[in-house]
Structures are given as C-alpha cells and as structure tokens.
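J.: What follows is a single structure, and I will ask about it in a moment.
The values are calculated or read from the model by the stated rules, or taken from the named source; none is laboratory data. Quick caveat: nothing in here was measured; it's all calculated off a predicted structure. Cβ placement follows ideal geometry from the backbone for every residue including glycine, while neighbour counts extend to all protein chains displayed.
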Amino acid sequence: MYDLRGYGGMLSDEGRVTAFHQAIRAAVKPGDVVLELGTATGLMAFWAAQAGARHVHAVEPDPAIALARQSAADNGLAERITFHQTVSAHLTLPERAQVLIEDMRGAMPCFKTHLMDVMDARARLLTPDAVLINQRDTLYVTVAESQKQSAHVHTAWDGSRWGLDLSAAAKLAPNCYAKHRCTPEEVLAEPRAWAEIHYPTVSSPHVRGVVELSVTRAATAHGLALWFDLELFGGFRISNAPMEPKHTYGSAFLPWPEPTSLLAGDRVEVRLDAVFTGGDYEWNWASTVRRDGQAAPVVQFKQSTFQGRPITPQSLAKKAGGFRPRRSEAAEVQRFLLDRMDGTATNAELAAALCAQFPQTFPTTAAALARVVTVVEKLAAE
C-alpha cells in the first residue's frame, strides 16, 4: 500500500501520466463502459469519464479510494463513476466493460497479482472486443556494473571489519531482487529483449526467456539490469530503461554472487524465469560467461530469490502437502471475532469479549480494541 506521498509521486511523473492520458483519450469512445484496476486516487478514472465514458468502474482496495470518491464529487463526475473498494478477483459488474485501464506494475510488470488480474478481467469483466490500454510489454536485460549494489550485496556482509562472521547472511544476499536504476554508463552489453507480454492475449502469469549478450567494454560486472518498454493503445509508450527519462517505477537489478571481470567480446548467456507463486513472483536467473579461446566458461551462476529468504525447517514443513496444520492463538482470536461480527455488537463490546476470552493476550481493553479494529478494517462488510 502507498501513502499519499507515494501516490503524489506517481502523479508527478509527467512522462507516465501524459502517455496514459493520451492513450485513454484515444481508446475511450462516448458511451463506453470502462473498468480501471488500481484506481488509487482516481485520476485515470476521471480521464475516462471526461473522454465520454457512459460509466466507469474504478477498483481499489486501498483506503485512498475515499479521496477518489471525494474528488469525483468535487469535479462533477460522481454520477458516472462507481468506486469498488475491493480486489478485482472479488468484483462482479452489472455489464461487461469495453475498455480496461490499469497500471499495477512495479519495477517490472511481473509484480504481485498484476498478470493474474488482467487475465481474470479479460475472462469475466470485459467484452470480447474490449480495448486494453496496456497493449504490450517488452522486457529487456543487460549486464551492468553497480558499485552501489555491490556494496549492498557484498560489502555490507563483510563482518571482518568488526571481527565477526556474517557468512550466513552473505550467502543469501546475492539472491535478492533489488529495485535499482543503473545509469547508461553502467551498461556493459547491448541490451536484449528476453520476453514479451501481449496483454490482449497473455494466458500465463509466468514469464521466461533466454538471451545471449555481447559485452561491449572491459569492466567489472555486478549483475543484471532489467527494465520494460510498455506500449500503450495508440502507440504511446513508457520505458524505464537506463537511457530513458526517469520514472516512478524504478528499474530492477539481479546481482551476481561475486564481482566478475569481463572483456569486450565476452558472451553472457542469461536465462530468466519469473514464476508466479503465493501471490507474488519468485525470480530465477542463470548467467554463463564465455570467452573466445577458452573452452570452459569464465563463470557460471545459478540464482533464485527463493534462496535469498531466511527459511527455517518449521516454515518449510508448513509448505508440505502432508503437513497437518492447527490454528494458532492468533487464528483463534480472529475466529472468535469473526463469529461475533454479525452486525449486532459494537467494536467496544467485541473488545470487552476479547479481554474476557483471552486475558493473557489482551490484558487491557485498549490492546483488545486495537486488534478488533485491525480485523474489522480488513474483513468487515461495507
């Protein structure tokens, strides 16, 4: 979830908002029903209404949707926009939409449930001939140097300066996906497209690709820089490439386990695999550096964000198909509250009941009320 400053940063990205504004004006026709996923504070929904949409359905789980509702009223658009504070997977519409607007990406479009939500919307919420504002993402990769990322991955975990062994964390750090924008000067190979996402037809949330990169100058490489080139309806585009103007999205960086000296002409085979699992993406990347005149690879790395997470035997056991789960006390507390959230008890009454049932966990009414409010905000009906 973003705060208001984060949403303001999105609106301040002139390149982003201009491209979307132009694409929406080109796509929306008078009388269209429009669906926007991730409306945030409502700007793109307002543009769709101004472009002549008969009705706009704007979806946003964040409380920022209250600001969107108020702004719609302030601009005389409230009658033509329905705001849904939910996730799109739980949404039903009275009629299918002819236009889909969404910008739910992070540094890459392989971000949380983005692709799943687009595919679900196409199947359930859009007409067969609907226009998608996002048309195509082309994903690029190159080899890059980055002293900043090397410091985070390698220098930070060198405990020798304190006489300590931090190798347990040092082994995991190179497997962490980072949001980092390289400069054009840090790019060491001609970028190559490794995958493409065509939004009107995409049928899988998983994104995979293999490319070979040709190193253009001698330098020390620290990992792989990734970015997208987004084509919008009408041919408008947004790119977060190092050589393009900076955008609010940032860019992605996949580090290597060790700094690696490269020569001009070296070839780097890169395999990338973004796998959707558990509501977000696990990244796997393999890099092989080959040099003319050498039969054996200079280096070979195989990495995964799965290997970058501290994992205990207990947490692994819970993922196994044969695990027999029991409710924790936190689950018992939530179940206790849900059983009593029938519209008859106030928050204060629920807190008092919680104190009586779980006195060790909630020794004060204030502590119990805080838990009640957390559950109510997340799970209570509107």
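J.: Taking the condition of being crowded, with 17+ Cβ neighbours inside 10 Å and within 17 Å of Asp32 (Cα to Cα), how many residues in the stretch 66-92 meet it?
T.: The number of residues fulfilling the criteria is 4.
J.: On to the next question. Could you tell me which residue of the stretch 236-265 is surrounded by the fewest Cβ atoms within 10 Å (Cβ to Cβ), considering only residues that are part of a strand (DSSP E or B) and either in contact with a Lys or Arg (Cβ under 8 Å, 6 or more places away or on another chain) or of a type in the set (Ser, Thr, Tyr) (or both)?
T.: Ser261
J.: Could you grab me the full set of residues in the stretch 272-306 that are surrounded by 15 or more Cβ atoms within 10 Å (Cβ to Cβ) and polar (S, T, N, Q)?
T.: If the condition is that a residue be surrounded by 15 or more Cβ atoms within 10 Å (Cβ to Cβ) and polar (S, T, N, Q), then Asn284, Ser287, Thr288, Gln303, Ser304, Thr305 are the ones that fit.
J.: When the residues of the stretch 1-41 are narrowed to those that are of a type in the set (Ser, Thr, Tyr) and outside any helix (DSSP H, G or I), which ends up nearest to the chain's Cα centre (by Cα)?
T.: Step one: of the stretch 1-41, the residues of a type in the set (Ser, Thr, Tyr) are 2, 7, 12, 18, 39, 41.
Narrowing further to those that are outside any helix (DSSP H, G or I): 2, 39, 41.
Details: Tyr2: 12, Thr39: 15, Thr41: 18 Å.
Out of the qualifying residues, it is Tyr2.
J.: Further question on the same structure: What residue, among those in the stretch 111-160 that are under 18 Å from the mean Cα position of the chain (by Cα) and either free of Cβ contacts under 8 Å to residues at least 24 places away in the same chain or assigned to a helix (DSSP H, G or I) (or both), is farthest from His206 (Cα to Cα)?
T.: Ala121
J.: Return the residues of the stretch 153-169 that are surrounded by 14 or more Cβ atoms within 10 Å (Cβ to Cβ) and either of a type in the set (Lys, Arg) or within 12 Å of Leu254 (Cα to Cα) (or both); say none if nothing qualifies.
T.: Val153, the sole residue that qualifies.
J.: Would it be correct to say that Thr288 is modelled with pLDDT of 95 or more, of a type in the set (Ser, Thr, Tyr) and touching a strand residue (DSSP E or B) at 6+ places or on another chain (Cβ under 6 Å)?
T.: Numbers: modelled with pLDDT of 95 or more: yes; of a type in the set (Ser, Thr, Tyr): yes; touching a strand residue (DSSP E or B) at 6+ places or on another chain (Cβ under 6 Å): yes.
Yes: the conditions hold for Thr288.
J.: Against the condition under 23 Å from Gly278 (Cα atoms) and loosely packed, with under 11 Cβ neighbours inside 10 Å, how does Ala330 come out, does it pass?
T.: Details: under 23 Å from Gly278 (Cα atoms): yes; loosely packed, with under 11 Cβ neighbours inside 10 Å: yes.
Yes.
J.: Do any residues in the stretch 61-73 that are more than 17 Å from Tyr2 (Cα to Cα) have Cβ atoms under 7 Å from those of residues that are part of a helix (DSSP H, G or I), where the two are at least six apart or on different chains, and which pairs are they?
T.: Listed pairs, sorted by first residue: Ala72/Phe46; Ala72/Ala78.
J.: Only one of Val207, Val202, Val187, Val211 is in contact with a Lys or Arg (Cβ under 8 Å, 6 or more places away or on another chain) and either exposed (fewer than 13 other Cβ atoms within 10 Å of the Cβ) or under 30 Å from Phe20 (Cβ atoms) (or both). Can you tell me which?
T.: Result: Val211 is the single residue among Val207, Val202, Val187, Val211 that is in contact with a Lys or Arg (Cβ under 8 Å, 6 or more places away or on another chain) and either exposed (fewer than 13 other Cβ atoms within 10 Å of the Cβ) or under 30 Å from Phe20 (Cβ atoms) (or both).
J.: Please give the number of the condition Ala107 fails out of (1) at pLDDT 95 or above; (2) among the aliphatic types (A, V, I, L, M); (3) in a helix (DSSP H, G or I).
T.: So the condition that Ala107 fails would be (3).
J.: Those residues that are in a helix (DSSP H, G or I), under 26 Å from the mean Cα position of the chain (by Cα) and either at pLDDT below 95 or over 20 Å from Arg25 (Cβ atoms) (or both), I need them from the stretch 42-96; list them, please.
T.: Ile65, Ala66, Leu67, Arg69, Ser88, Ala89, His90
J.: Tell me whether the stretch 59-77 contains one or more residues that are under 26 Å from Phe228 (Cβ atoms) and polar (S, T, N, Q).
T.: There is no residue in the stretch 59-77 that is under 26 Å from Phe228 (Cβ atoms) and polar (S, T, N, Q).
J.: I'm trying to understand the selection: among the residues of the stretch 343-365, which are surrounded by 12 or more Cβ atoms within 10 Å (Cβ to Cβ) and hydroxyl-bearing (Ser, Thr, Tyr)?
T.: If the condition is that a residue be surrounded by 12 or more Cβ atoms within 10 Å (Cβ to Cβ) and hydroxyl-bearing (Ser, Thr, Tyr), then Thr361, Thr365 are the ones that fit.
J.: Output the number of the condition that Met119 fails; it satisfies all remaining conditions of (1) over 24 Å from Glu244 (Cα atoms); (2) of a type in the set (A, V, I, L, M, F, W, C); (3) in the same structural domain as Ala193 (by TED's automatic domain parsing).
T.: Evaluating Met119 over (1) over 24 Å from Glu244 (Cα atoms); (2) of a type in the set (A, V, I, L, M, F, W, C); (3) in the same structural domain as Ala193 (by TED's automatic domain parsing) leaves (3) as the failure.
J.: Would it be correct to say that Trp283 is of a type outside the set (Ser, Thr, Tyr) and in contact with a His (Cβ under 8 Å, 6 or more places away or on another chain)?
T.: Against the criterion (of a type outside the set (Ser, Thr, Tyr) and in contact with a His (Cβ under 8 Å, 6 or more places away or on another chain)), Trp283 does not qualify.
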